[in-house]
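What follows is a single structure, written as structure tokens, with notes after it.
The values are calculated or read from the model by the stated rules, or taken from the named source; none is laboratory data. Because the structure is a prediction, the values reported are computed rather than measured. Reconstructed Cβ throughout: ideal geometry from the backbone, glycine too, with neighbour counts over all protein chains shown. For the accessible areas, the whole protein counts, side chains as well, though only heavy atoms, and no ligand, DNA or RNA atoms are used. Shrake-Rupley method; radii C 1.70, N 1.55, O 1.52, S 1.80 Å.
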Amino acid sequence: MKQRLDYIDIAKGIGILLVVCNHTICPEMVHYTAAVVVPIFFFCSGYTSHKKDNGIKENVIRHAVRLLKPYLLFSLLLMVYFHDFSKRAILGICYSRYCLYPFGTTSDIVHFMTVGNFPMWFLTCMAVSYLLYAVLVYYPRYRYYLLASYLLLSVLMTYLPVLLPWSIDTAFLMAVIMYGGTMVRDSIPDLYRSRRPHVFVIICALVYLILLPLFDGINISVRQYGYSIWTYLVAAIAGCVVLVYISRLLEHTLLAKLFQQIGHHSLTIFSIEIPFVILGKQIGDALFGSLPQQAMLLATATTQVVIAIAGGYLISFLLHKNKLTYNLFFR
């Protein structure tokens, strides 16, 4: 059994915190992390992944099952919670995309994921991305041709009039970011060995800072890359390298233990956050409605984050604690 890297779990914990912040009434507070919020999970997955001896088919199926079982479980639970069993809700679960048309088009966007399950596009996208990533890992002889093909397809699919199911149109780019994590690990094995910043970390930090003005409009769930797909890709990988380094610095602190625990349960928090975000807004409105607007927004958003993280963590802990539910949905 491979040893878990604490700083990777810490990075995932920070990542899920940023994800929840983006779904509050004040997403502007994490605006400058837009290029790294989702990619950090793909980067970390690639950083910790290794070629298995059981073959590409078995490996891909194992990862897909581990992602799709909780996807179906939480989708059904959210349908029950929101009392929505409409054809659109069912179609949204099958299509696994927030909407049919990209934002900014003249067409009706056709909102699909109507039961608070819209963050879960990530799980199906990860399943597709892992398949593409596995091809890179198991056929290294062709990896550069494949990477070039993935990037070309990613660019071409930005011109599609619709968003494809299971984020197929973004999965190729996410697979590149995932493989970027693997290449960083293999090319610079001592990158995070010392708490002193490696020169590559410093370069990545500078690149990320330079690209900050180009982050407007990033929303990977609906195929929006901000200024361009290329600046997004560079900023995503650079930002992930820096965020993992920050997580390495936090190791062995009290805050790190908190983020590490959150990181262990990030999948469930990702899936079940929306009902808690809504509850947090209701509580925040009741408690802070009389404050000045900016203070009210910040206080309410903070309440949403705390409740969403705590609620998702508790549900995940209980599901993992029970052997039946753990074996049924998380293995």
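Worth a mention:
- Viscosity 1.002 mPa s, temperature 20 °C, Stokes-Einstein D of the chain from Kirkwood C-alpha radius, µm²/s: 104 µm²/s
- Percent carbon-and-sulfur accessible area, segment 245-331, ignoring ligands, DNA and RNA, probe 1.4 Å: 70 percent
- The phi-based Karplus calculation (6.51 cos²θ - 1.76 cosθ + 1.60; θ = phi - 60°) puts the 3J(HN,Hα) values of segment 312-320 at x, 5, 4, 4, 5, 4, 5, 5, 6 Hz, whole numbers, x for Gly and Pro.
- Highest-fluctuation residue, Asp169, Asp216, Asp190 considered, GNM on the chain with Cα pairs under 10 Å: Asp190
- In sequence order, calculated HN-Hα J values of segment 217-223 (Karplus, 6.51, -1.76, 1.60; Hz; x Gly/Pro): x, 6, 7, 5, 5, 10, 6
- Phi to ³J(HN,Hα) by Karplus 6.51 cos²θ - 1.76 cosθ + 1.60 over segment 281-290, Hz, x for Gly, Pro: 5, 4, 5, x, 4, 6, 8, 10, x, 8
- Surface accessible to a 1.4 Å probe, Lys12 within the full protein complex, Å²: 50 Å²
- Å² of accessible area per residue within the chain, as computed with a 1.4 Å probe and no ligands counted: 49 Å²
- Loop-exposed chymotrypsin sites (Phe, Trp or Tyr not before Pro) per DSSP, neighbour cap 14 Cβ within 10 angstrom, longest uninterrupted part of the chain: 104-331
- Close amide H pairs (under 5 Å, H built 1.01 Å from N) link Asn219 with Gln224, Tyr225, Gly226, residues at least 5 positions away or on another chain.
- Mean ellipticity per residue at 222 nm, deg cm²/dmol - from DSSP H runs of n ≥ 4 across the chain, formula -39500 (n - 2.57): -22000 deg cm²/dmol
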